[in-house]
Structure formats: structure tokens, C-alpha cells
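Before anything else, here's the structure in question.
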Amino acid sequence: MKKGKNSFVCKECGYKSIKWLGQCSSCGEWNSFVSTSELSGPVSQPKSIDEITGAREERLPSSIGELDRVLGGGLVPGSLILVGGDPGIGKSTLLLQVAGRMTSNGPVLYVSGEESLGQLKLRAQRLSISGNTLKVLSLTDLGALDQILQDLEPGMVIIDSIQTMSFPHIDSMPGSVSQIREVGSYFLRYSKENDVPVFLVGHVTKDGSLAGPKILEHLVDCVLYFEGDQHYSFRILRSTKNRFGSVNEVGVFRMENAGLLEVANPSSIFIEERPKQAPGSAIFPSMEGSRPIMVEVQALLSPTTFGQPQRMTAGVDHRRVSMLMAVLEKRAGLEIGWQDVYVNVAGGIRLSEPAADLAVLAAMGSSFLEKPIPDDVILCGEIGLTGELRGVPRLGERLREAEKMGLSRALLPAKARVETGMEVVPLASVQELIQYLFAE
Ligand code: TYD
Ligand code: MG
């Protein structure tokens, strides 16, 4: 343990502090603090869970509401957070914004192994970030970092990226397994001993996993992924591991010229851009983590002019689309075999729920028949191979959001039970769907 840092510890709950405290800010006990050097024997004895009283979790607001939401209500001091994502998706932008805005916990140290100080300054200007509390460092050799950290005593540290950092005492390249392990455990120790939140940026390899050993994911307290399609502005921040909260929360952002903007009402983006009365467009109430978002599914079917029919999908699984095409042909009698089929989810969103089946199939049917789906309709349901409609989870939340967005009719599996102010159209099969939507 470094001298002067966390030199006192609460005998009751083990909470560490730099200063001696009369009352423990974690368990509320009075006169329980002793110097760590006075301690003999283990700090903690086994206790029954009921004996532990008054424990509360401290949270620091990161200044970005959508990030706090994903973290489970703000930053936990002493937590180590890994932020992964494709190159160019906006990891550095997000973290520089956090670094620039969060001033509540003392100076913030942003260490970049990828950009020069000049580049960081340009980015900061673009993001309108200035001020004395943000300290930046362009560095890849962590040999001198100990000293820097001791001198600065930062309230938050950002390491961008873990693959570019190395310790000179380890004889291997930056990004190698042994360097990543060493750098990871160094910051784990540092964050816990000093009660400072540390962000590690990690690049994602082509197959979508975080580069470097899995050990990193096990080591850290939270793993966040920043997702989106580079050609669109929409970004989703998702957690796949969180020791201090649920992994169902997502944060939604838009990448603009002046950086990332929080999107409080994601549904409106997609609904507003939707063409009116256009064949081939359907609205699906998607769940992103615990948040319902209205998403537009588009399909275009046109007769194949030569060779094999083309099939292209973006944002939905192409095998699922093939299955739905077969169901549409066999069960609803639409002869779409010799059609080129394109399916696209607007905004670069990816849909993985089977609940999207009904909207995808309806969009294809609508394009083929050249008949638009009414603007006030949402579709939600899984489709089976016999053309039957199956239930989906969390309909209540989806329909509440849809209603808020001004949509008034929900086409749902016949067996679905949900209380809603929307008009519910129960459908047992795809035949019924086609009949309801497209019959004269
Ligand atoms: P960046 O944060 O560098 O991505 P990562 O660290 O994940 O590799 O983001 C890079 C992209 O974001 C780049 O293509 C430019 C774009 N961008 C904006 O659109 N607006 C901005 O204000 C900034 C800083 C970047
Ligand atoms: Mg970067």
C-alpha cells in the first residue's frame, strides 16, 4: 500500500480512507478507524450477515446520465471499468467527455497511448472541453506512472487503450498477454487501494471479442461495450458485466460534430424519420436491455431480373429472414420465390429478438403487395414454422412506450395478455396477419 493513501481502515467493516474519520462513512460506526500499521492480525473476522448494518454504496455521478444509468447509478469509487468497442466507434470521445465534465472527485488523469497531446487538444476543443482539472498524458511506457499517480492523486483515471500500454520490467510487446495481464492487475490494485475509479479502453477484434486475454474481463468490475454502426450516428452503451448493478441497462447516444449527445427518447429518432404510407415499412417495439425502443424495419422485394435471387439483410439475421420468407410463401401463399429481397433495420440498429419476426414478415409482405402498413400500427410476435404466432416477453413495457410515441394499434399474438390503452389486434397466424393488413 502506498504511503499516505488509505492509511486508515474501519475495524467494523474494513472501509479504507486516506484520513482518519470519527465516523465511518460506509457503516456509520463511531471511533472505529485505526491506522493500517496499527493493525495486527486480520482486519475482518467472519460475521453473520445480519450483524452488518448501515452499509451503503457510494456513487459518483459521472456527469453523463446515460453512462450513470449503465453503471447502475453512477461510478463506484475504486471500481475498474473496461470499455470495449470497434475502432472509431467513439470510446475515446465518450471518455474524454467524462474526463472533461467530471470535476467532483478531484483531478482526472487521461492517459492516451494512441494520440499526441496536440491531437487530444484538438479533440477537446471540438468537444468544448477545457479547464484545470483535466490532466492529459501521452504515454505508452508505464514505468514512470507510479510516481505520476502519487504526485497527482487523481480522482479518476482513464487509460486509452490497454493494448498500447506496457511496463518496461515485462519483456514483451504492448498488447501481449503478459503485458495486458500486468497492466490490468496494476490498475485493479491501484483502483482498490486508492478508491479511485479507473476506466480501461480495450479494442475489440474482428470476431467481436475484446482483444487480449479473457482474464481482463474476469479481473474488472464492469465490462461496457460501445456499439453502433459507424455509418450512422446512433450508439448504444451496454454492460455485459457489472458487479454493482444490473446488466440490463443500456445508454443511448448520438455521435454529432461536437461529440456524443445523450438521447433521452430514442424511439422518436426512428419514428420521426419514417416515411409516411410507404410499402415495406413496419414498426417493431424492440427491447434494448430494459429499455423499449420503437424501431423501423424496412423491406424491399422486387422481381429478380437475372440469375439467382439476391438476399441482403442489415440488422437482422439473414437465416431468420430466409425462414420468414419460406413461411410467407408456404403459409400465407405469397409467391416471393423469384424476388430479390432486401431487409434493413433503420438507424444501424441490430435486432436479435425473435419477437421481431412479425414486423419483418409484415414489411416483406407489404413491399411485395405494394400496400403500406398503416402508420399507427406496431407489430410484435415470434413466428413458428407452421405460421403460428407465439408470445413475447415484456409486452407491457413495449406497449407503454409505443403509446407514448403516439402509436395506437398493436398487432400481437392471439394468446398475448396485456393491459394497454392501445387497440389490440390479436392474430393467431400469418394468414390472419396478411388478411388483416392487406385484404381489400
Ligand atoms: P473515437 O472516439 O476516436 O473512437 P474510438 O476511440 O472508439 O476509436 O471516435 C472516432 C470517430 O468519431 C471518428 O470517426 C470521428 C467521430 N467524431 C465525431 O463525429 N464527432 C466528434 O466530436 C468526435 C470527437 C469524433
Ligand atoms: Mg480511441
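The values are calculated or read from the model by the stated rules, or taken from the named source; none is laboratory data. Nothing here was measured: the structure is a model prediction, and the numbers come from that model. Glycine gets a Cβ as well: all are built from the backbone with ideal geometry, and neighbour counts include every protein chain shown. In case anyone asks, the SASA skips ligands and DNA or RNA and just uses the protein heavy atoms, side chains included. Shrake-Rupley method; radii C 1.70, N 1.55, O 1.52, S 1.80 Å.
Being among the charged types (D, E, K, R) and under 15 Å from L261 (Cα atoms) is the filter here, so list the residues in the range 124-141 that pass it.
If the condition is that a residue be among the charged types (D, E, K, R) and under 15 Å from L261 (Cα atoms), then R126 is the only one that fits.
Let me ask another. Can you find a residue that is within 16 Å of ligand 2 (Cβ to nearest atom) and either touching a helix residue (DSSP H, G or I) at 6+ places or on another chain (Cβ under 9 Å) or open to solvent by less than 20 Å² (accessible area, probe 1.4 Å) (or both) anywhere in the range 257-275?
yes
Looking only at residues that are open to solvent by 40 Å² or more (accessible area, probe 1.4 Å), in contact (Cβ under 8 Å) with a residue 24 or more places away in the chain and not acidic (D, E) in the range 151-181, which one is nearest to ligand 2 (Cβ to nearest atom)?
In this case the residue turns out to be P174.
Which of the residues belonging to the range 381-402 are open to solvent by 10 Å² or more (accessible area, probe 1.4 Å) and touching a Ser or Thr at 6+ places or on another chain (Cβ under 7 Å)?
Correct list: E388, L389, E401.
Taking the range 68-115 as the search range and keeping residues that are on the phi < 0 side of the Ramachandran plot, small (G, A, S) and in contact (Cβ under 8 Å) with a residue 60 or more places away in the chain, which one is surrounded by the most Cβ atoms within 10 Å (Cβ to Cβ)?
G84
Sticking with this one: Checking V83 against (1) over 23 Å from the mean Cα position of the chain (by Cα); (2) within 13 Å of ligand 2 (Cβ to nearest atom); (3) aliphatic (A, V, I, L, M): exactly one of these is not met. Which one?
All conditions are met except number (1).
Test F187 against the criterion of being of a type outside the set (V, I, T), open to solvent by less than 10 Å² (accessible area, probe 1.4 Å) and away from ligand 2 (no atom under 16 Å from the Cβ), and give yes or no.
Yes.
Right, another one. Is at least one residue of the range 317-332 in contact with a strand residue (DSSP E or B) (Cβ under 8 Å, 6 or more places away or on another chain), part of a loop (DSSP other than H, G, I, E, B) and in the same structural domain as A363 (by TED's automatic domain parsing)?
Looking through the range 317-332, none of the residues is in contact with a strand residue (DSSP E or B) (Cβ under 8 Å, 6 or more places away or on another chain), part of a loop (DSSP other than H, G, I, E, B) and in the same structural domain as A363 (by TED's automatic domain parsing).
Which condition number in (1) among the polar types (S, T, N, Q); (2) open to solvent by less than 10 Å² (accessible area, probe 1.4 Å); (3) at pLDDT below 85; (4) closer than 23 Å to R189 by Cα is the one that S32 fails?
The single condition S32 does not satisfy is (4).
May I pose another question? Which one is nearest to G90 (Cα to Cα) among residues in the range 116-149 that are open to solvent by 80 Å² or more (accessible area, probe 1.4 Å) and either of a type in the set (S, T, Y) or touching a Leu at 6+ places or on another chain (Cβ under 7 Å) (or both)?
Taking the candidates together, the pick is S128.
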